[in-house]
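Remarks on the structure that follows.
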């Protein structure tokens, strides 16, 4: 589940120019601006999980406590800014399928016993309200993209002034 920024070529070009110029301070400024622009996604996603996922059994709080990370890639092939939500289970192998939950399905054990292996447990697929993540991202994506684009323009101007 991710949020892609339009203008990826501009992002790659600016990242390359900052690297070539050795402008580490401007690179950090860009990174801070990106983090600030995607912060509403983090906050709204947590609120959405608490409001829309089942509270019984602690699922809503568990998902709301998931790690939400911002990753910047400046590779020539696929430059992007991605917001990712993930959560390792507190016990046992594997990850909770957050993307499946966003589609409206949550697979979990019923009365799993610690003395048994997970493959012996009875598993069920529970229906949950779909879109708890994707609807939040869609709601704030344009605003986040615009903020990132504006920050990129400001930093590009600063870099241009240094080059003169």
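Residue-by-condition table, conditions (1) farther than 24 Å from residue 8 by Cβ; (2) more than 15 Å from the chain's Cα centre (by Cα); (3) in contact (Cβ under 8 Å) with a residue 40 or more places away in the chain:
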position: 110; (1), (2), (3): yes, yes, no
position: 117; (1), (2), (3): yes, yes, no
position: 127; (1), (2), (3): yes, yes, no
position: 133; (1), (2), (3): no, no, yes
position: 146; (1), (2), (3): no, yes, no
position: 157; (1), (2), (3): no, yes, no
task: Determine whether region 19-26 contains at least one residue that is modelled with pLDDT of 85 or more, surrounded by 13 or more Cβ atoms within 10 Å (Cβ to Cβ) and in a helix (DSSP H, G or I).
output: yes
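Which fully enclosed helices (runs of 4 or more DSSP H) of region 58-164 have 3 or more residues being loosely packed, with under 13 Cβ neighbours inside 10 Å and at pLDDT 85 or above?
Details: elements: 59-64, 98-102, 134-163.
The helices (runs of 4 or more DSSP H) meeting that bar are 134-163.
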query: Residues in region 36-56: is at least one touching a helix residue (DSSP H, G or I) at 6+ places or on another chain (Cβ under 8 Å), at pLDDT 75 or above, part of a helix (DSSP H, G or I) and more than 30 Å from residue 128 (Cβ to Cβ)?
result: yes
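Within region 30-46, track down each residue that is in contact (Cβ under 8 Å) with a residue 12 or more places away in the chain and either within 14 Å of the chain's Cα centre (by Cα) or surrounded by fewer than 16 Cβ atoms within 10 Å (Cβ to Cβ) (or both). Before you say what the answer is, go through the steps one by one.
Filtering region 30-46 for residues in contact (Cβ under 8 Å) with a residue 12 or more places away in the chain gives 30-31, 33-38, 40-42, 44-46.
Selection gives 31, 34, 35, 36, 37, 38, 40, 41, 42, 44, 45, 46.
The values are calculated or read from the model by the stated rules, or taken from the named source; none is laboratory data. The shown structure was predicted, so the numbers you read here are calculated from the model rather than taken from an experiment. Positions of Cβ are backbone-derived with ideal geometry, glycine not excepted, and every protein chain shown enters the neighbour counts.
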